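The values are calculated or read from the model by the stated rules, or taken from the named source; none is laboratory data. None of these values were measured; they are calculated from a predicted model. Here Cβ is always computed from backbone atoms with ideal geometry, including for glycine, and neighbour counts include all displayed protein chains.
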Amino acid sequence: MANLIITIDGPAASGKSTVARLLAERLGASFLDTGAMYRAVTLAAMQADVNMNDQDQLLDVLEKRKFQFAAKNNKTTVSIDGADVTEQLRLPEVTANAKYIASAAKVREKLVEMQRQFAAGEETIVTEGRDQGTVAFPDARFKIYLIAQASERARRRAIDEGRTSPNEIEQIQKDIEERDAGDQNRAVGPLTPAADAVVVDTTGSSVEEVVDKLLKIVNDKLPITNHQLPVTSPSTSLRMVSPSNHYKLPKMRWFRFARGLCKIFCLTFFKLHPEGRENVPYHGPLVLICNHQSFLDPVLCGIFVKRPLHFLARSTLFRGLLGRLITSVNTIPVRRDEADLTAMRVVISKLKQGHGVCLFPEGTRTRDGKITAFKPGFGLLCRRGGADIVPVIIDGAFEAWPRHKKLFSPGSRIDIRYGKVISAAEVKKMDDRKLAELLTETLRKMQNDCRVEQGKKPFDYK
């Protein structure tokens, strides 16, 4: 058995999988995604068209099909008989039918046995599910139980599944509440926190904030030194190992402190009106595509996003005190007027690690407030990094601090709007030019819609 086991349990959409994966990465530990296991068996049973209430038929599916789980681009990928089914696991019908696998005693017992086999011999493991601390690993050193309000969990799942209309969110919340009741009342492995578990409420918290809390829980009781596990290909169906350096908590605290100061500054001197923050995913590779009106844009784009972001700045700024300051807040140097392959590799690496990056494809600040056609190079970064895209429009920053003025004008109204997410799957279908044209048109429309609402004259982009 592993020398150190950390279990993370909780109800549906409480953030278990994402938090467990990130915690494992930052501790250099193995990660066991039991939710993917149950969903994979559910999908296989649906494909076989078996009676979901017949335990023997379900067990037969488990024993006859070949399931493989692996870590790729910081996401758990799943295949059945060699076919990648990762995207299918999040289908609503799979989610709805997972309860049958969860309540099938024979199947659940077999899966718990597989989980223990996986843990055997691992030095450190983070495992998530609904009964990890109570049934699978009752002797685990650390037991975490995540909770969140049903409305919050419904909103998260709605964003993940792209079903964000009021009626859809209402139905998702109803399904979650029914799932909670079923999980809590089932005879086998009921959903309940272990007696010695630490309960963490994730309502209103970003993924990074939750991971911070869990790291503190672990480090307060067991100081962990910087270490790495070797990268391995899964030789068994359940082996997933993610190497990572120990998480640098002080740096994250500094980033949040600096972001807080910037937010206070902007709220003091400007009339800020953010909208659409719920459109920004809490986790996973993400690129914010924003227009460029002033020096303030990177700050304005990031202060209302709960997750940390990385930014790009021209390499000539990375000198002296300014260079040290912007480096400390996740800024990546890039050489202007050339294809900076080093910067591109860094950005792609950050995206593959599940981080968020803010890009300004115009390349320079506007001269008149209008949005110039985007340069297409960012498409490659998004595809290689497997990133979702959120378009962001800033309007009013040009009037507050245009490029030809040395000082800003206090009291100006500035609107920041986050548009609907464009999924990584959609991004992969478009070439660089088509993606650049789509984002240019999208932001121009968002900008003019915003200006019309504020009684301003829209820009002529004909």
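Ser412: within 22 Å of the chain's Cα centre (by Cα) and among the hydroxyl-bearing types (Ser, Thr, Tyr), yes or no? No: the conditions fail for Ser412. Looking at Arg345, Arg365, just one residue is within 25 Å of Ala425 (Cβ to Cβ), of a type in the set (Lys, Arg) and either assigned by TED's automatic domain parsing to the domain that holds Ala424 or buried (at least 24 other Cβ atoms within 10 Å of the Cβ) (or both), and that residue is Arg345. If you go through region 42-86 and keep only what is at pLDDT 85 or above and on the phi > 0 side of the Ramachandran plot, you end up with Asp49, Asp81, Gly82.
Of the residues examined, Ile416 is one that is within 21 Å of Pro281 (Cα to Cα), surrounded by 20 or more Cβ atoms within 10 Å (Cβ to Cβ) and not assigned by TED's automatic domain parsing to the domain that holds Thr164.
Of everything listed in (1) closer than 24 Å to Glu177 by Cβ; (2) touching a residue at least 60 places away in the same chain (Cβ under 8 Å), the single unmet condition for Ala119 is (1).
Could you list, in sequence order, the residues of region 298-316 that are free of Cβ contacts under 8 Å to residues at least 40 places away in the same chain and out of contact with any Lys or Arg (no Cβ under 9 Å at 6 or more places or on another chain)? Once the filter is applied, which keeps residues that are free of Cβ contacts under 8 Å to residues at least 40 places away in the same chain and out of contact with any Lys or Arg (no Cβ under 9 Å at 6 or more places or on another chain), region 298-316 yields only Ala313.
Taking the listed residues Phe378, Phe374, the one that is modelled with pLDDT of 90 or more, farther than 25 Å from Trp401 by Cα and among the hydrophobic types (A, V, I, L, M, F, W, C) is Phe378, with no other qualifying.
Is at least one residue of region 307-330 under 17 Å from the mean Cα position of the chain (by Cα) and over 21 Å from Gly377 (Cα atoms)? Within region 307-330, one or more residues are under 17 Å from the mean Cα position of the chain (by Cα) and over 21 Å from Gly377 (Cα atoms). Please work out if Lys16 is farther than 17 Å from Phe118 by Cα and crowded, with 20+ Cβ neighbours inside 10 Å. Considered against the rule, which asks whether it is farther than 17 Å from Phe118 by Cα and crowded, with 20+ Cβ neighbours inside 10 Å, Lys16 comes out as yes. Within region 108-122, is there a residue that is in a helix (DSSP H, G or I), under 20 Å from Val61 (Cα atoms) and basic (Lys, Arg)? Among the residues of region 108-122, at least one is in a helix (DSSP H, G or I), under 20 Å from Val61 (Cα atoms) and basic (Lys, Arg), which makes the answer yes. Is it fair to say Ile144 is of a type in the set (A, V, I, L, M), assigned to a helix (DSSP H, G or I), crowded, with 22+ Cβ neighbours inside 10 Å and in the same structural domain as Ile101 (by TED's automatic domain parsing)? No: the conditions fail for Ile144. All of Glu87, Glu93, Glu63 fail the test of being within 18 Å of the chain's Cα centre (by Cα) and in the same structural domain as Ala154 (by TED's automatic domain parsing), apart from Glu87.
Looking only at strands (runs of 3 or more DSSP E) that fall completely inside region 2-106, which ones have 1 or more residues that are under 24 Å from Ile147 (Cβ atoms)?
Output list reads 4-9, 30-33, 75-80.
Hey, can you tell me all the residues within region 37-53 that are touching a helix residue (DSSP H, G or I) at 6+ places or on another chain (Cβ under 8 Å) and surrounded by fewer than 21 Cβ atoms within 10 Å (Cβ to Cβ)? Met46, Ala48, Val50, Asn51, Met52, Asn53 - these are the residues of region 37-53 that are touching a helix residue (DSSP H, G or I) at 6+ places or on another chain (Cβ under 8 Å) and surrounded by fewer than 21 Cβ atoms within 10 Å (Cβ to Cβ).
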